[in-house]
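Input: a single structure, listed below in structure tokens.
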Amino acid sequence: MPAKYLALLLLFPLVAACGDSTEPAEDEFTIQTTGEEVILSNAADKPTFYFIVERETAALLDFATCVKGPDCKSVAPGKTIRIPYRQITGYRPERREAIVYWWRSLLAATGPRVDKLRNQVVELY
């Protein structure tokens with residue numbers, strides 16, 4: 001086998017293993033449900049912003065993310081919060097699923113902005 005092909009084969013695993021080390025790991029923000037509340041835990045070193053909506057209601061609205069201001073809900077670094085089901089947007093006891101959206105803030109030239117929007121469907125049992 002020519003040496004250049006061997007070198008490419010050896011380099012491929014190294015390149016494939018490289019990722020964006022500045023992006024927080026997904027498991028730094030955990031979501032659990034208890035039957036009465038949603039528990040959000042943030043192990044990241046910066047606040048994680050969130051919005052929780054009942055799944056069927058989510059299809060009817062268009063929400064805007066935010067990263068500053070009193071209306072932005074967030075979980076502080078190293079903290080855990082509990083949100084009762086009754087505080088979920090659109091919640092009704094007969095509904096069984098909600099969507100938790102979450103994001104973090106990045107500092108851009110124009111000020112803070114959303115890094116990327118993530119979501120997870122949770123069962124409200």
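Considering R113, R104, the condition of being over 16 Å from T33 (Cα atoms), among the charged types (D, E, K, R) and surrounded by 15 or more Cβ atoms within 10 Å (Cβ to Cβ) is satisfied by R104 alone. Condition test on F29, is it at pLDDT 85 or above and among the aromatic types (F, W, Y)? Judged against the criteria, F29 is a match.
Here P93 does not qualify as touching a strand residue (DSSP E or B) at 6+ places or on another chain (Cβ under 8 Å), closer than 15 Å to G35 by Cα and not aliphatic (A, V, I, L, M).
Checked across the range 90-107, the condition of being modelled with pLDDT under 95, part of a strand (DSSP E or B) and of a type outside the set (S, T, N, Q) holds for at least one residue.
Condition check for V67 on (1) buried (at least 16 other Cβ atoms within 10 Å of the Cβ); (2) assigned to a strand (DSSP E or B): one failure, at (2).
Taking the criterion of being outside any loop (DSSP other than H, G, I, E, B) and surrounded by 12 or more Cβ atoms within 10 Å (Cβ to Cβ), the residues of the range 70-86 that qualify are S74, V75, T80, I81, R82, I83, Y85.
The residues of the range 108-118 that are of a type in the set (V, I, T) and assigned to a loop (DSSP other than H, G, I, E, B) amount to a single one, T110.
Under the condition of being charged (D, E, K, R) and within 13 Å of W103 (Cβ to Cβ), which residue from the range 41-89 is farthest from the chain's Cα centre (by Cα)? Can you show your working first?
The first filter runs over the range 41-89 and keeps only residues charged (D, E, K, R), leaving 45-46, 54-56, 62, 68, 71, 73, 79, 82, 86.
Now drop any that are not within 13 Å of W103 (Cβ to Cβ), which leaves 46, 68, 73.
Details: K46: 13, K68: 17, K73: 13 Å.
Once the filter is applied, the top-ranked residue is K68.
The values are calculated or read from the model by the stated rules, or taken from the named source; none is laboratory data. As the structure is a computational prediction, the values presented were derived from the model and not from experiment. Don't worry about glycine lacking a Cβ; one is built from the backbone with ideal geometry, like all the others, and counts go over all protein chains shown.
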